Amino acid sequence: MTRASLLIITLAVIGLAACSKGTPPTTSEATPTMAPQNTTNFPLYAGSEVLASKEFSQVITSAQAGTGIMGAGAGTYSGNEVIAGSTAPLAQLESWLRENEKKPPSGFVTVAIPENMATVHSIATKNGMDFAIFHDAKNGKHGLIVVAMDPAAAHNKLGPALALVSRYQALPPALRQSIDSQLKQRFGYTASEFVQPGSPLGTAVGAMTEFQNKNERAIILIDATKL
């Protein structure tokens, strides 16, 4: 074997040895998912756990009748929706709502339930829900609704009506009157009271999916500012 061949073999062996030691494969660490946060600045009931939090933007046209925190007329409303769970019974959460109405958290002012929402509030309290309304002490265009709900009780009481509400939303406006009439006759309320922009009833129903197979009560915070 020539010296040149021996040198080539030696270099090859050294190269294989280096490869066998090689640097370990790099692995990219997954970025930890941030837990949802209460982005409304309104303090939750003690011990509650935030389950979902999202921002939203909704345009209310002059043809729509917004209510609650979206009742300041046509325009764009931007805000946050926070859904939290609590093991406290609904009666305890209702007491918490009343306490906050009497003594609002810093930066908030209590808003009396307006006359045009009296029926909605009555429907809520008869079906496992309750709510209170507040607005920003420094910005009257920034409002907040706090909804407390027993999802199981609300589903049991409203179940037959929710299917009709779902059908109502899928129909063009000209064909919705019949479903409104059916609901009014059978249950004492209309589908429009659920789907009206800013309605706490629609807000509560929309949060029910977060509580499937959970023995918890719901607290929903929605704040909105008219831009």
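Taken together, the values in this text are just the output of simple stated rules run on the coordinates, not laboratory data. Not measured: the values here are computed from a predicted model. A quick note on method: Cβ atoms are made from the backbone with ideal geometry, for glycine too, and the neighbour counts reach across all protein chains shown.
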(request) Go through the stretch 146-155 residue by residue and turn each phi into a ³J(HN,Hα) via Karplus (6.51, -1.76, 1.60, θ = phi - 60°); whole Hz please, and just put x for glycine and proline. (result) 10, 10, 10, 8, 9, x, 5, 5, 5, 5
(request) Identify, among Ser95, Ala84, Pro160, the residue whose Cα sits farthest towards the positive end of the charge dipole of the stretch 27-176, taking +1 on the Cβ of Lys and Arg and -1 on the Cβ of Asp and Glu, with the dipole about the Cα centre. (result) Pro160
(request) Please get the size of the charge dipole for the stretch 99-227, origin at its Cα centre, with Cβ charges of +1 on Lys and Arg and -1 on Asp and Glu, quoted in debye to the nearest 20. (result) 220 debye
(message) Within 15 Å, Cβ to Cβ, of Ser181, how many net charges do the neighbouring residues add up to if Lys/Arg are +1 and Asp/Glu are -1?
(response) +2
(request) With N set to the residue count of the stretch 66-197, report its C-alpha Rg divided by 2.2 N^0.38 Å to two decimal places. (result) 1.14
(request) Could you list Asp180, Asp223 in order of exposure, starting from the residue whose Cβ has the fewest other Cβ atoms within 10 Å? (result) Asp180, Asp223
(request) Between Gln58 and Ala91, take the C-beta separation as r, use R0 = 41 Å, and let me know the FRET efficiency to the nearest 0.05. (result) 0.80
(request) Kindly rank 139-149, 47-57 from highest to lowest mean number of other beta carbons found within 10 Å of each residue. (result) 139-149, 47-57
(message) Test of understanding: ordering Phe131, Phe42 by Cβ neighbours within 10 Å, fewest first, what list do you get?
(response) Phe42, Phe131
